1. Cβ-Cβ under 8 Å, sequence separation 6+ or interchain: first residue in the range 111-135 and in contact (Cβ under 8 Å) with a residue 24 or more places away in the chain, partner surrounded by fewer than 19 Cβ atoms within 10 Å (Cβ to Cβ) and in a loop (DSSP other than H, G, I, E, B). Which pairs?
2. Say we look at the range 116-155 and pick out the residues that are of a type in the set (Phe, Trp, Tyr) and open to solvent by 40 Å² or more (accessible area, probe 1.4 Å); which of these is modelled with the lowest pLDDT?
3. Which one of these is closer than 20 Å to residue 145 by Cβ and open to solvent by 70 Å² or more (accessible area, probe 1.4 Å): 100, 77?
4. If residue 255 passes every condition in (1) modelled with pLDDT under 80; (2) within 30 Å of residue 6 (Cα to Cα); (3) surrounded by fewer than 18 Cβ atoms within 10 Å (Cβ to Cβ) but one, which one does it miss?
5. Determine the pairs where a residue that is free of Cβ contacts under 8 Å to residues at least 12 places away in the same chain, located within the range 192-213, has a partner that is hydroxyl-bearing (Ser, Thr, Tyr) and open to solvent by 80 Å² or more (accessible area, probe 1.4 Å) with Cβ atoms under 7 Å apart, the partner being 6 or more residues away or on another chain.
6. If I go through the range 96-143 residue by residue, how many of them are touching a helix residue (DSSP H, G or I) at 6+ places or on another chain (Cβ under 7 Å) and not in a loop (DSSP other than H, G, I, E, B)?
7. Could you please give the count of residues in the range 45-62 that are under 24 Å from residue 136 (Cα atoms), touching a residue at least 40 places away in the same chain (Cβ under 8 Å), open to solvent by 30 Å² or more (accessible area, probe 1.4 Å) and assigned to a helix (DSSP H, G or I)?
8. Of everything in the range 259-273, what is assigned to a loop (DSSP other than H, G, I, E, B) and touching a residue at least 12 places away in the same chain (Cβ under 8 Å)? Give them in sequence order.
Amino acid sequence: MIAAAFWILTLVFAVRLYCVARWGSSTAFVGAIGIGVLGLFTTGVVVPETTIDAALGGVNFLHLIRNLCVTSAIWLVREGIFAAYSPDESYRCRFSHRPVAAGLGAVAITVPFLFQHFVPTSSKFVPENVQQLPIFIYAGVYMGLLALLAVSVLRICLRPQESLPVRVSSRVVAAGMALVALASVEEIAYMTALHNDVGSSSLHQVLYILFTPLFYGGVLLTSLGLGIPPAVKAWRRLQLWDRAALAFLTATLGRAYWSMSFVAWLVSIASSFFAERPSSRLYEYVIRSSDHKVALSGRSTPMLAGRVLEAVQARFDGGIGSLESVLPVKEVR
């Protein structure tokens, strides 16, 4: 699950980066996703944790860096969500949304970590050392901050949204943040039980196992949710539906309706994907197809091709035959 979250988040980061470079989309989300990718990279999905941590001294500083990355990423996600969904910018006046608050949060996480009795790199660093009070405070503060940030994002994501892609995106992000908050609370309970030596070993094992699917499942859903708006934006700007419809109609009807040679047919299909104005070519295609059917006394069109033609015609008539007419224009920036 961690590897899946990493690669999906990497893909979303690439799409977001393209949108920023091409259309000037929100840099807050790009920063959040980029830091999130860095944080997940430190989990050992590409390079082993021991190898990375060895370069930092081999005493689990990688664990601190990972937690700071995750906290920063969720803080930036919250800022991007508030900027996109809030009707005004009054939220910026709140202390919790100022950069100094993020800095104080990072300090609150880091200081207890520095007072520990350092041990060699371990993939179970916190469970094995939570008896140390500094480690217990360090991990508790980290998880508490994550829970607060996640709940803040969750609340604003549940606000009504008019745009379909924004509404779907916000609900998926809300589900992801709910899992992150739940995982954080569950981890605090787990660490408290270990630190105070409360509960049986089987209970500790259950709590330990629950954290990964909850937390990284939340990261996975959040990544998918943040990827919806830029994907829809790219779909609209690149006119992918028009290009796909044009290529499909050329492939299914080109030779039958216009008696193209095999080579001309292949060239026409290929050129459909790179047409400068696919919508204009589609409109011409609908007209020519209609004229051709009239000339052939109502010759029937293959069922699937006929449905594509009807969808295209409905779009030109102002209907709902394509994604562009179904999804409102508002976007997450």
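The values are calculated or read from the model by the stated rules, or taken from the named source; none is laboratory data. Treat the numbers as computed from the prediction; the structure is a model and nothing was measured. Every residue, glycine among them, receives a Cβ derived from its backbone with ideal geometry; neighbour counts consider all protein chains shown. All accessible areas refer to the heavy atoms of the entire protein, side chains included, with ligands and DNA or RNA removed. Shrake-Rupley method; radii C 1.70, N 1.55, O 1.52, S 1.80 Å.
1. Taking only residues 6 or more apart or on different chains, the pairs are 118/59; 119/59; 120/58; 120/59; 121/58; 121/59; 125/119.
2. Here the residue is 118.
3. 100
4. (2)
5. Qualifying pairs under 7 Å: none.
6. Looking only at that region, the number is 24.
7. Residues in the range 45-62 being under 24 Å from residue 136 (Cα atoms), touching a residue at least 40 places away in the same chain (Cβ under 8 Å), open to solvent by 30 Å² or more (accessible area, probe 1.4 Å) and assigned to a helix (DSSP H, G or I): 3 in total.
8. The one that is assigned to a loop (DSSP other than H, G, I, E, B) and touching a residue at least 12 places away in the same chain (Cβ under 8 Å): 273.
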